[in-house]
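The values are calculated or read from the model by the stated rules, or taken from the named source; none is laboratory data. Here the structure is a predicted model, which means the values were calculated and not measured. Quick reminder, even Gly has a Cβ in these numbers, built from the backbone with ideal geometry, and neighbours come from all protein chains shown.
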Amino acid sequence: MVCYYTAGESHGPKLITILEGIPAGVQIQTDDIIQELAKRRLGVGRGDRQKFEKDVVRIVSGVIQGYTIGSPIAIEIENSEWHKWDKIMSPDPVNTNTFDNQAQPNMPESEKFDQLVRPRPGHADFEGILKYGFDTARNVLERASARETAARVAAGAIAKKFIEQVCKIRVDYEVLQFGTAKKQLTQSTEEFLNDCESVAQDAKKHGETIGGIVEVIAKNVPHGLGSYITAKTRLDAALSGAIMSIQAFKGVEIGDGFALANTYGTAAHDHIIYDQNGKVTRASNHAGGIEGGISNGMPVVVRAVVKPIPSIPGGLPSINIHTASQEKAHSQRSDISAVFPASVVASSMVAITLADFICKKFGQDSVEEIKSNFGAYQIRIQKFLKRGVDI
């Protein structure tokens, strides 16, 4: 019911997001999207590209005078560096003799235009060439690039506003591990970031890139989102799929996830108890807020692994698809790590997924209608949790 589509290439003129299914009445402004995109540009391990590339945002449709109107929302994110690529990325044929070194600064002549013929291990380059019959990785990397996630963050900014306004759900996120740097419970944010900076500098010195682990926590998620009835209606399955759809993510867990493999059942599950006020609650949250595909009123916790960026400065062993010779993969300008911005993207995907499940349960026409339906539902649920009576 709530879904998004993105279009655009990494070095194209703009990215486009179409977000469908958001009800009428959600308060949203362009600045809300800009602020989310700014968070995606920050973090340890980001390169020089973030200093000069800017996200110029324009809401094209679906929002009037600061409120959604129920129709599809279209958003454009312009590429401020497009003037450097308008010939290489031209949709119409361009004589290659007119390029005049139009490409990334200091890029070798062999890497310009359609000469990206040494695919990077770990990227979509090689498999994309095979699948679509290309003779260059350019046509693959332009769409496979994580630049596309900017369009997702734009959609996520609206989804976050929606779920907060109708259900007071807040989506928080953080980096738990950056390479060998692991966040400790006793450690301040500043101390952890300093550790991350040290790891990043060491990686840069050795020509390496870094992966890590991110965590997204959605608070105030009500009971009853999702279902055990079918596979596609399970909330945990939808969240896992949404996270794994993000470029560079290679693993996901809900709650304690993989740690449950070596935990006894008596300690693995969240005991149902009455608190001091006589209200039903849970003694823990090992399930990460979801049981049997249904949210259980506890915070929804999602953790995921981000792999190191495959654009290695020195280039990994690969082949030249034109000469059939063993060579080093081409090396595009890249960051040392995308872990910190990936946490923002992950939070956006969680928000979009929760927005979809909220609409499926409480309606989709308007914010006021959803609030009314949600309020009536909460009265019934809270009555049961407080008294333990039959619902």
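Values as computed for the structure displayed
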quantity: Subset of region 288-335 (residues that are at pLDDT 95 or above, assigned to a loop (DSSP other than H, G, I, E, B) and in contact with a Leu (Cβ under 6 Å, 6 or more places away or on another chain)); calculated: 293
quantity: Any hit, region 274-296, residues being under 24 Å from residue 40 (Cβ atoms) and aliphatic (A, V, I, L, M); calculated: no
quantity: Matching residues, region 260-304, being exposed (fewer than 12 other Cβ atoms within 10 Å of the Cβ), under 23 Å from residue 385 (Cβ atoms) and not β-branched (Val, Ile, Thr); calculated: 271, 275, 276, 277, 278, 283
quantity: Residues of region 149-195 classified as free of Cβ contacts under 8 Å to residues at least 24 places away in the same chain and either more than 16 Å from residue 340 (Cα to Cα) or of a type in the set (Phe, Trp, Tyr) (or both), total; calculated: 7
quantity: Failed criterion for residue 243 (all others in (1) part of a loop (DSSP other than H, G, I, E, B); (2) crowded, with 20+ Cβ neighbours inside 10 Å; (3) at negative phi hold); calculated: (1)
quantity: Search result, residues across region 270-287 that are part of a loop (DSSP other than H, G, I, E, B) and over 18 Å from residue 303 (Cα atoms); calculated: 270, 271, 275, 276, 277, 278, 279, 283
quantity: Wholly enclosed helices (runs of 4 or more DSSP H) of region 111-179 bearing at least 1 residues under 16 Å from the mean Cα position of the chain (by Cα) and surrounded by fewer than 19 Cβ atoms within 10 Å (Cβ to Cβ); calculated: 138-144
quantity: Hits in region 18-36 - residues which are closer than 19 Å to residue 357 by Cβ, β-branched (Val, Ile, Thr) and touching a Pro at 6+ places or on another chain (Cβ under 9 Å); calculated: 22
quantity: Sole exception among (1) over 23 Å from the mean Cα position of the chain (by Cα); (2) under 25 Å from residue 331 (Cβ atoms); (3) not aliphatic (A, V, I, L, M); (4) not in a loop (DSSP other than H, G, I, E, B) for residue 190, by number; calculated: (2)
quantity: Test: residue 204 is part of a helix (DSSP H, G or I) and farther than 29 Å from residue 19 by Cα; calculated: yes
quantity: Verdict on residue 218 being touching a residue at least 40 places away in the same chain (Cβ under 8 Å), of a type outside the set (Phe, Trp, Tyr), buried (at least 16 other Cβ atoms within 10 Å of the Cβ) and not in a strand (DSSP E or B); calculated: no
quantity: Restricting region 336-364 to residues that are outside any helix (DSSP H, G or I) and of a type outside the set (A, V, I, L, M, F, W, C), the residue that is surrounded by the most Cβ atoms within 10 Å (Cβ to Cβ); calculated: 337
